[in-house]
1. Which whole number of Å³ per residue matches the convex hull of the alpha-carbon atoms in the protein assembly as shown?
2. Using a probe of 1.4 angstrom, how much of the accessible area of the range A:34-108 is carbon and sulfur, in percent?
3. Read phi for every residue in the range C:55-71 and hand back ³J(HN,Hα) as whole Hz from Karplus 6.51 cos²θ - 1.76 cosθ + 1.60, θ = phi - 60°, with x for Gly and Pro.
4. Which angle between 0 and 90 degrees, to the nearest 10, do you get for helix A:25-39 versus the longest principal axis of chain A when only C-alpha atoms count?
5. Give, rounded to the nearest 20 debye, the magnitude of the charge dipole that the protein assembly as shown has about its Cα centre when Lys and Arg contribute +1 at Cβ and Asp and Glu contribute -1 at Cβ.
6. Write down the accessible area per residue of chain C in Å², having rolled a 1.4 Å probe over the full set of protein chains.
7. Out of residues 5 or more away from residue C:100 or on other chains, whose amide H comes under 5 Å of its own, with H placed 1.01 Å from N in the peptide plane?
8. For chain B, what is Rg from Cα atoms divided by 2.2 N^0.38 Å, rounded to two decimals?
There are 4 protein chains.
Amino acid sequence: MEHVHTVRVTYADTDHAGAVYYANYLKWLEIGRTEILRQHNLTYAEFEKQGLVAPVVHVEIDYKESPKYDDEVEIHTTLEAIGTTSITFSYELKKGETLFAVAKTVNVFTKDKKKVSVPEQIRKLL
Amino acid sequence: MEHVHTVRVTYADTDHAGAVYYANYLKWLEIGRTEILRQHNLTYAEFEKQGLVAPVVHVEIDYKESPKYDDEVEIHTTLEAIGTTSITFSYELKKGETLFAVAKTVNVFTKDKKKVSVPEQIRKLL
Amino acid sequence: MEHVHTVRVTYADTDHAGAVYYANYLKWLEIGRTEILRQHNLTYAEFEKQGLVAPVVHVEIDYKESPKYDDEVEIHTTLEAIGTTSITFSYELKKGETLFAVAKTVNVFTKDKKKVSVPEQIRKLL
Amino acid sequence: MEHVHTVRVTYADTDHAGAVYYANYLKWLEIGRTEILRQHNLTYAEFEKQGLVAPVVHVEIDYKESPKYDDEVEIHTTLEAIGTTSITFSYELKKGETLFAVAKTVNVFTKDKKKVSVPEQIRKLL
């Protein structure tokens, strides 16, 4: 189960070395995991209305090569694993054959600041 | 009544033209008006605890010359005017003789999404 | 000559008052003016390859009402005026009947840090 | 060899869940490693003037608890290891007893896009 969403590198994303600033990749990861859920008619905004919050508790990224300004970047997102209270996504950021970065995030579901089970609708996706 | 606060240009602030990205100046304006209040023992965080929110309703900036990466930038903030429900700050961003930008912002005080009077403690400052 | 481009509000865009942080609107304005050019087969990246840089020298925004997380926001961009060395864009950020903000930017064309004429291809657009 | 630098959480840093947006921690890591070098009279800006660029090739963060708006956050940075062409920093983000996050980054030194040895002045620090 992989989802692809394309974004374009803006001036806002770049830094004075001509690369995409390393923090800005994390905004693309956010878009990746939001859109893979939306593809299955699940929205994070909807979970929030039920009082759920799912903060990222872990992120890791390996940067291979930076895209340039105005490049299109494909965010390939995979729902990797579902634990009792957490979900793990993996990501590849690419353009054709060029691999820009690989990444992994872990979100934990919480309600009133306490860990809760991953919602059944998400659990079904795997 | 002017307040000066110094920040340093980070990689995060810059863009691939080697300048500071134009949106990032607004983060410095936020720091300027927060710190001018703190200098008078007023904190925006404290107003929030009383249920006040003071969104920016207007901003304008004239960009003269961009600072470079690792430059120190002085944010000169002045409380320009106080209306019934709004306050106006003006700003100069400088380094020595070099003027990077001049700016103006207007914040409106609200409570439960309705406009309210500017707090007396701020009114006293002018 | 108006161009419409739609973006979606991400977590990255928001602040702890539940609104879109006021600096982040400027990233949308960048997208608006980039895409209105692309619609006419002009790309800012292409101008850069010719040694042109067109920094923003003025921005002003009136914030009316903030969009919420996960809202879609339409960026309505208009090429307002073309001077000898500068171009002025105006913007409306909307969702249906709701007007979030109106804005104006001025870019100046430069080469080797000196002002130059607005490229003929852009001049033709008006 | 540990260095401590304190920053304050701004509106710009936060998101609509009331936390610091997860990408913004990486800006603090940048400040941490820049300032630990400056403490030893080394500036990244100076290395750049020699044609060196040192992109981040790996980052990992464990988020424990988010600081709140207007909190002061201590960035504790340690130069962890020096390889032939890379340097590894570790970080703890804290406020008193509260640990917000732990992180690690790896930078690789390059010149003309080719890996080069870590500069002798940095090598001496360990």
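1. Values: hull volume 82.3 nm³, N = 504.
Cα convex hull per residue, to the nearest whole number: 163 Å³.
2. Percent of accessible area from carbon and sulfur atoms in the range A:34-108: 47.
3. With coefficients 6.51, -1.76 and 1.60, one gets x, 6, 10, 8, 9, 9, 9, 10, 8, 9, 7, 7, x, 9, 3, 6, 5 Hz.
4. Taking Cα atoms only, the helix is inclined about 50 degrees.
5. The calculation lands at about 0 debye.
6. Working: 5500 Å² over 126 residues.
Value for chain C: 44 Å² per residue.
7. Here C:93, C:94, C:95 satisfy the definition.
8. Numbers: Rg = 15.2 Å, N = 126, 2.2 N^0.38 = 13.8 Å.
So the Cα radius of gyration is 1.10 times the expected 2.2 N^0.38 Å.
The values are calculated or read from the model by the stated rules, or taken from the named source; none is laboratory data. Model, not experiment: these values are computed from the prediction. No Cβ is skipped: glycine too gets one built from the backbone with ideal geometry, and neighbour counts run over all protein chains shown. Please note that ligands, DNA and RNA were not included when accessible areas were found on the heavy atoms of the full protein model with its side chains. Shrake-Rupley method; radii C 1.70, N 1.55, O 1.52, S 1.80 Å.
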